[in-house]
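The values are calculated or read from the model by the stated rules, or taken from the named source; none is laboratory data. No experiment lies behind these values; they were computed from the predicted model shown. Glycine gets a Cβ as well: all are built from the backbone with ideal geometry, and neighbour counts include every protein chain shown. We work out accessible area using only protein heavy atoms, side chains counted, and drop any ligands, DNA or RNA first. Shrake-Rupley method; radii C 1.70, N 1.55, O 1.52, S 1.80 Å.
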Amino acid sequence: MPTSLVSLVGDSELVDENGNVVQTTTTDGDGGYEFTVTPGTYSVEFVAPDGMVFTTPNQGDDATDSDANEDGDTPQITVER
């Protein structure tokens, strides 16, 4: 599986009001990734590998399907302590 760039965007004190990128990481060979964050509201932006496109979101079991939209952006999620 090709790796993909993953960016974390938020509206907490980690970023400014313009939604600037807080952290970036690269997926592992199985597509896994993780971020360590403080409480706040975040979304994740994926960058598709060259020649690939995103699937349609929410097309199956919510625990295993993609929540990213056609642009690679997820809905916002709030992380609480």
Point to revise | Meets criteria (over 9 Å from the mean Cα position of the chain (by Cα), within 20 Å of Val21 (Cα to Cα) and not in a loop (DSSP other than H, G, I, E, B)) for Thr36 | key: no
Exercise for review: Test each condition in (1) among the aliphatic types (A, V, I, L, M); (2) in contact with a strand residue (DSSP E or B) (Cβ under 8 Å, 6 or more places away or on another chain); (3) at pLDDT 80 or above; (4) part of a loop (DSSP other than H, G, I, E, B) for Leu14 and report the one that comes out false.
Suggested key: (3)
Check your understanding: Which of the residues belonging to the range 59-71 are loosely packed, with under 10 Cβ neighbours inside 10 Å and within 20 Å of Tyr42 (Cβ to Cβ)?
Key -> Asp62, Ala63, Asp71
Review point. Would you pick out the residues in the range 72-81 that are among the aliphatic types (A, V, I, L, M) and open to solvent by 50 Å² or more (accessible area, probe 1.4 Å)?
Key: Ile77
Check your understanding: If you check every pair at least six apart or on different chains, which have Cβ atoms under 7 Å apart with a residue in the range 58-69 that is within 17 Å of Gly31 (Cβ to Cβ) and part of a loop (DSSP other than H, G, I, E, B) first and a residue that is open to solvent by less than 100 Å² (accessible area, probe 1.4 Å) and among the hydroxyl-bearing types (Ser, Thr, Tyr) second?
Key -> Ser66/Thr55; Asp67/Thr74; Ala68/Thr74
